[in-house]
Amino acid sequence: MIAIVDYGAGNLFSVQNALSYLGEDFVVTGDADTLRRADGLILPGVGAFPDAMRMLREADLVDCIREEAIQKPLLGICLGMQMLFSGSEEFGFTEGLDLIPGQVRLMKPAGLKVPHMGWNELQIKKPDCPLLADIAEGDSVYFVHSYMAVTQPQYLAAVCDYGGQVTALVQHGHIFGAQFHPEKSGAVGLSILRRFGELIK
């Protein structure tokens with residue numbers, strides 16, 4: 001069973017729809033015990049980093065997610081992906097879950113508008129990443145964000161170009177983060193979610 005973490009700052013509906021379409025067994029929950037019983041976790045997120053981390057702390061889920069991420073697959077989506085990192089500079093510095101080394105910083109694309117919104121092509125950096133098993137170089141996914149993760153090359157599974165290199169998909173063991181929205185990225189995004197589901201079966 002996949003547990004979608006419900007802490008009040010996630011786009012739950014579209015993720016639920018995608019998992020339902022794929023026939024995945026899932027539950028939406030903010031209960032720590034239920035998260036511990038799950039075989040894998042999805043951490044969605046929309047809005048501002050400080051607010052989301054505050055809501056996660058108020059739900060008393062920070063330690064639970066950190067502990068469970070050691071034991072089972074975890075996928076962060078959009079802001080949920082950014083929260084996997086050490087911290088963010090959005091509205092001043094806020095500590096993240098610190099599951100992947102790196103910082104979240106404001107995008108400064110040369111000659112392009114922020115937010116980065118729309119479809120963009122993936123450049124694969126880690127072909128052996130299990131979530132990319134069905135993805136080809138140049139496949140497009142859907143982004144909506146103004147901040148991006150800056151991390152070490154060994155954690156970059158895929159990037160895209162938007163006035164410079166943008167972190168798109170990261171992997172640290174069985175911890176994954178997608179800056180784009182797989183649940184809004186058509187067949188390519190569904191393939192990524194399907195492959196995540198296969199990790200826990």
- request: Give the cross-link partners of Lys201 among the lysines, using a straight C-alpha distance below 29 Å as the criterion and excluding same-chain residues fewer than 8 apart.
  value: Lys72, Lys125, Lys126, Lys184
- line: So, over other residues within a Cβ distance under 13 Å of Gly23, counting Lys, Arg +1 and Asp, Glu -1, the net charge is -1
- prompt: Suppose every K and R has +1 on its Cβ and every D and E has -1 on its Cβ; what is the size of the dipole of region 59-201 about the Cα centre, in Debye to the nearest 20?
  reply: 260 debye
field: Cα Rg, Dmax (largest Cα-Cα span) when computed across the chain, Å
entry: 15.3, 47
query: What value, in deg cm²/dmol to 500, does the helix sum -39500 (n - 2.57) over DSSP H runs of n ≥ 4 give at 222 nm once divided by the residues of the chain?
result: -7500 deg cm²/dmol
Potential lengthening between Val27 and Ile200 on full extension [0.36 nm per residue; Cα-Cα distance subtracted]: 60.9 nm
- request: Please report how far the C-alpha centroid of region 60-80 lies from that of region 86-164, rounded to the nearest whole angstrom.
  value: 18 Å
- line: Those helices of the chain passing the 18 Å axial Cα length cut-off and the mean Kyte-Doolittle cut-off of -1.0 (DSSP H runs only) are 186-199
message: Please give the charge dipole size of region 62-111, origin at the Cα centre, charges +1 on K and R Cβ atoms and -1 on D and E Cβ atoms. Round to the nearest 20 debye.
response: 240 debye
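No value in this document is a laboratory result; all are computed from the given coordinates. Quick caveat, the model's predicted, so the values are computed rather than measured. Virtual Cβ from ideal backbone geometry, glycine too; neighbours counted across all protein chains shown.
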